[in-house]
Amino acid sequence: MDIGTAKPNAALRNRLPHSLINIRDIDEQYTVGDFTRLAEEACVEISGRGRLPIVSGGTAYYVRNFICGLPGAPAADRGVREGVARDLAARGAAALRVELEAADPASAARIHENDLYRLTRALEIIRLTGRPMAEFAPPSGPRAGHRFLTIGIAPPPGELAARIGLRVDGMIAAGLAEEVAGLRAAGHRAGEPGMRAIGYKEFFSDAGLVEIAERIKLDSRSYAKRQMTFFRKLPGIEWIDADPEEFAARVSGIVHGTVSGL
């Protein structure tokens, strides 16, 4: 899944070491708990070498849990999780959403219709505890024993959508359709966690490549909009304009403590 995930190429990874790449198979689930544990281990190892670990996202929900710590929700129960998975396969996501709306309407209203992971996780908690997710609220501030410098890059209005369009066009030109065809030929199917990602799920239709590319752009813009909303809620986040010179000056000022208020 090199192209559709915009994975850094081997030359860049040789020059600038990356962690947590190529650690899961396409059919394996990767949870926020997995990420926070593995990211913490990576940061400890990097810090131990006298280097500054940089966590780059991506998924604001994962970044928030890394900064603030995991909510006190119960650990996943294998039997309950398998039961929810069976119901999803047999009854479909719409039926599970109806069940969640009856037991936990607040979570049902908050979870996006395409977010199967959070939908099934919310149902797992209901079936396991009989209590809604809101009763297991996540911490609101950074974890003790850590020093976080949280930086958000704010693109000019309209530029993010344009960049997404260029990014998708570049992926198509680089062979995204062929990459997906190879994965499908290897036996991977639409329901697998990796194949539900934007850039892959859109190929599981009868649409032509031009229409698929437009769907990827639309899904990416919608996802980016939701992510920006979530990023704005990160505690202590410092927003920086995307202009390269402004970015360099602001980061330098933040790192060296010359920016007021930090």
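Here, each number is a calculation from the coordinates, and none is a lab measurement. Quick caveat, the model's predicted, so the values are computed rather than measured. Because the Cβ atoms are built from the backbone with ideal geometry, glycine has one as well, and the counts that use them run over all protein chains shown.
Structure values in brief
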read-out	value
Residue of Pro53, Pro132, Pro17 that the Gaussian network model of the chain assigns the largest fluctuation, springs spanning Cα pairs under 10 Å	Pro17
Estimated FRET transfer efficiency when R0 is 30 angstrom, pair Glu101-Arg221 (beta carbons, to 0.05)	0.65
Average Cα contact separation per residue, segment 78-136, under 8 Å, 6 or more apart, as relative contact order %	36
Over segment 78-136, volume per residue of the alpha carbon convex hull, in Å³	71
Label zone at Arg147 (point 7 Å along Cα-to-Cβ), backbone N below 15 Å, segment 52-77	52-54
Check: the chain dipole with +1 on Lys, Arg Cβ and -1 on Asp, Glu Cβ, in debye	520
Two-site label geometry, Arg131 and Ala85: point separation in nm, points 7 Å out along Cα→Cβ	2.6
Sorted largest first, extent of the chain alpha carbons per principal axis (Å)	57, 46, 37
Contact order normalised by residue count of segment 156-247, Cα under 8 Å, 6+ apart, percent	32
Where GluC sites (Glu not before Pro) in DSSP loops with at most 13 other Cβ within 10 Å are excluded, longest remaining stretch of the chain	114-262
Contact order relative to length of segment 14-170, as percent, for alpha carbon pairs under 8 angstrom and 6 or more apart	22
